[in-house]
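As structure tokens, the structure follows; a few thoughts come after it.
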Amino acid sequence: MEARAIARYVRVTPRKVNQVLDLVRGMDVENALDTLTFSKKHVAKKIEKTVRSAVANAVQADSGVDVDDLYVKEALVGPGPVMKRWLPRAQGRATPLWKRTSHITIILADKASRPKGKRGKKAKR
């Protein structure tokens, strides 16, 4: 069973969003929400809202699903449209400003379908 939620046109650059998504990718939903709640990054609130929406979608799709058995299977970010603006500078010049947006996708799945050894073990070298 999978459930997804997409937050579109979030006014944060994809690079900044990906820093926070790296923290929660592969975590249990409960741990991911705790991590996002106490994160200092501004975009963590938007991601937390998206994770909660994905949990609600999972419950809506299958009323027998246990929220404690869900984990963040995928956490993706893609670029949205770029708003192009101009900033006035000295001597009549202007520099371009690109205000980037992001599309955030969160996919949750059951722990039963989780591959073994993905989270919490050190990689062998």
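Quick notes on this one:
Residue-wise test of (1) at pLDDT below 95; (2) under 20 Å from Arg15 (Cβ atoms); (3) among the basic types (Lys, Arg).
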position: Ser53; (1), (2), (3): no, no, no
position: Gln60; (1), (2), (3): yes, no, no
position: Asp66; (1), (2), (3): yes, no, no
position: Leu76; (1), (2), (3): no, yes, no
position: Arg85; (1), (2), (3): no, yes, yes
position: Pro88; (1), (2), (3): no, no, no
position: Gln91; (1), (2), (3): no, no, no
position: Pro96; (1), (2), (3): no, yes, no
position: Arg100; (1), (2), (3): no, yes, yes
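- For region 21-46, the candidate set comprises residues that are open to solvent by 50 Å² or more (accessible area, probe 1.4 Å) and not in a helix (DSSP H, G or I); within that set, the residue that is nearest to Ile104 (Cα to Cα) is Arg25.
- Subset of region 60-79 (residues that are open to solvent by 50 Å² or more (accessible area, probe 1.4 Å), more than 13 Å from Val17 (Cβ to Cβ), touching a residue at least 12 places away in the same chain (Cβ under 8 Å) and not acidic (Asp, Glu)): Ala61, Val67, Lys73
- Matching residues, region 1-20, being in a helix (DSSP H, G or I), out of contact with any Lys or Arg (no Cβ under 6 Å at 6 or more places or on another chain) and among the hydrophobic types (A, V, I, L, M, F, W, C): Val17
- The set of residues in region 47-75 being of a type outside the set (A, V, I, L, M, F, W, C), touching a Ser or Thr at 6+ places or on another chain (Cβ under 9 Å) and part of a helix (DSSP H, G or I) consists of Glu48, Thr50.
- Residues of region 7-26 that turn out to be in contact (Cβ under 8 Å) with a residue 24 or more places away in the chain and more than 9 Å from the chain's Cα centre (by Cα), as a count: 9
- Of the numbered criteria (1) surrounded by fewer than 17 Cβ atoms within 10 Å (Cβ to Cβ); (2) under 25 Å from Leu23 (Cβ atoms), the one Val82 fails is (2).
The values are calculated or read from the model by the stated rules, or taken from the named source; none is laboratory data. Since the structure is predicted, the reported quantities are computational estimates derived from the model, not experimental observations. Note: ideal-geometry Cβ built from the backbone for every residue, glycine included; neighbour counts use all protein chains shown. For the accessible areas, the whole protein counts, side chains as well, though only heavy atoms, and no ligand, DNA or RNA atoms are used. Shrake-Rupley method; radii C 1.70, N 1.55, O 1.52, S 1.80 Å.
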